[in-house]
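Heads up: the structure comes next, in structure tokens.
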Amino acid sequence: MGLFAKLVERISDNPVLFILCRRILENDFKAIRALIRRDLKVRAGLRTLDLGCGPGAFAHIFEGDPYVGADLNARYIAHAQRKCPGTFVVGDARKLDLPGRSFDQVLIFGMLHHLSDDDARAVLGEVVRLLVPGGRLLVIEDIPAVSKLNLIGHLIHNVENGEHIRPTEEYRRLYSEAARVEREEILQSGICDYYAAVLVTPTS
Ligand SMILES: C[S@@+](CC[C@H](N)C(=O)[O-])C[C@H]1O[C@@H](n2cnc3c(N)ncnc32)[C@H](O)[C@@H]1O
């Protein structure tokens, strides 16, 4: 592993540094927060699940709502429990120990590009199980840097441990297998390019 890759791994391992560096690279997540506020209902009392919530960087948006964050990384969850509003659980998004139909909306930001197609399918199946009929999933995932001039974006994607960064059409194919894709867009968050999609589960 190269020196830069080791540095990225070290930073990712520390919840405070992980959030700080991403905030710098992504312009304080302004575009992502605006997208979440537009596509999910916030502070409206809806039950929200943040899958792969990391150290809880987006929990404050839902302050006052019944919000649950779940992540595999126990260190991130311990940090979120200390610093963020809401309930946080360590768990594998492919199979969570939570009752079916217990959430109105789900957020996934930057998790599926760490997972193979089969694992991503398992996560999406779990989302469909956990959502009420007609529930919404906002999923925001890394795509290859759009501009050739975005050298830092290309470099970070080359060393970052997201081994499954996909082109938009591959994400869309996976999503369509699970639910109806209601809306989609490409967006830029600082130096990072993302594909965002809203999926809606059947109403019956
Ligand atoms: C790039 S981070 C994004 C974290 C958070 N959504 C954010 O934007 O700050 C990806 C997260 O997905 C989590 N993750 C990866 N695979 C997972 C799985 N199978 N179940 C739950 N969390 C998972 C990682 O532990 C990590 O916290």
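Scanning the stretch 106-129 for residues that are within 11 Å of the ligand (Cβ to nearest atom) and among the β-branched types (Val, Ile, Thr), we see that the one that is farthest from ILE32 (Cα to Cα) is VAL123. Any chance the stretch 179-193 includes a residue that's buried (at least 20 other Cβ atoms within 10 Å of the Cβ), outside any strand (DSSP E or B) and modelled with pLDDT of 95 or more? Within the stretch 179-193, one or more residues are buried (at least 20 other Cβ atoms within 10 Å of the Cβ), outside any strand (DSSP E or B) and modelled with pLDDT of 95 or more. If the condition is being of a type outside the set (S, T, N, Q), within 15 Å of the ligand (Cβ to nearest atom) and assigned to a loop (DSSP other than H, G, I, E, B), then the stretch 17-74 contributes GLU26, LEU40, GLY52, CYS53, GLY54, PRO55, GLY56, ALA57, PHE58, LEU72.
All of (1) in a loop (DSSP other than H, G, I, E, B); (2) surrounded by fewer than 20 Cβ atoms within 10 Å (Cβ to Cβ) hold for GLY125 with one exception: (1). ILE140 - would you say it is closer than 24 Å to ILE11 by Cβ, in contact (Cβ under 8 Å) with a residue 12 or more places away in the chain and either touching a helix residue (DSSP H, G or I) at 6+ places or on another chain (Cβ under 8 Å) or not in a helix (DSSP H, G or I) (or both)? Spelling it out, ILE140 is indeed closer than 24 Å to ILE11 by Cβ, in contact (Cβ under 8 Å) with a residue 12 or more places away in the chain and either touching a helix residue (DSSP H, G or I) at 6+ places or on another chain (Cβ under 8 Å) or not in a helix (DSSP H, G or I) (or both). When ASP13 is tested against (1) of a type in the set (Asp, Glu); (2) within 11 Å of the ligand (Cβ to nearest atom); (3) without any contact (Cβ under 8 Å) to a residue 24 or more places away in the chain, only condition (3) is not met.
If you go through the stretch 136-166 one residue at a time, how many are at pLDDT 95 or above, of a type outside the set (A, V, I, L, M, F, W, C) and farther than 13 Å from HIS114 by Cβ? Count: 1. Is it true that VAL146 is within 23 Å of ALA31 (Cα to Cα) and not in a strand (DSSP E or B)? Yes. Among the residues of the stretch 87-98, those identified as surrounded by fewer than 21 Cβ atoms within 10 Å (Cβ to Cβ) and either of a type in the set (D, E, K, R) or in contact (Cβ under 8 Å) with a residue 24 or more places away in the chain (or both) are ASP92, ARG94, LYS95, LEU96, ASP97, LEU98.
Could you run through the stretch 80-105 and say how many residues are among the β-branched types (Val, Ile, Thr) and within 12 Å of the ligand (Cβ to nearest atom)? Full working, then the answer.
Going residue by residue through the stretch 80-105, those that are among the β-branched types (Val, Ile, Thr) are 87, 89-90.
Restricting the remaining residues to those that are within 12 Å of the ligand (Cβ to nearest atom) gives 89-90.
Residues flagged as among the β-branched types (Val, Ile, Thr) and within 12 Å of the ligand (Cβ to nearest atom) within the stretch 80-105 amount to 2.
The values are calculated or read from the model by the stated rules, or taken from the named source; none is laboratory data. Everything quoted here is computed from the prediction, not taken from an experiment. Here the Cβ is made from the backbone with ideal geometry for all residues, glycine too, and neighbour counts use every protein chain on show.
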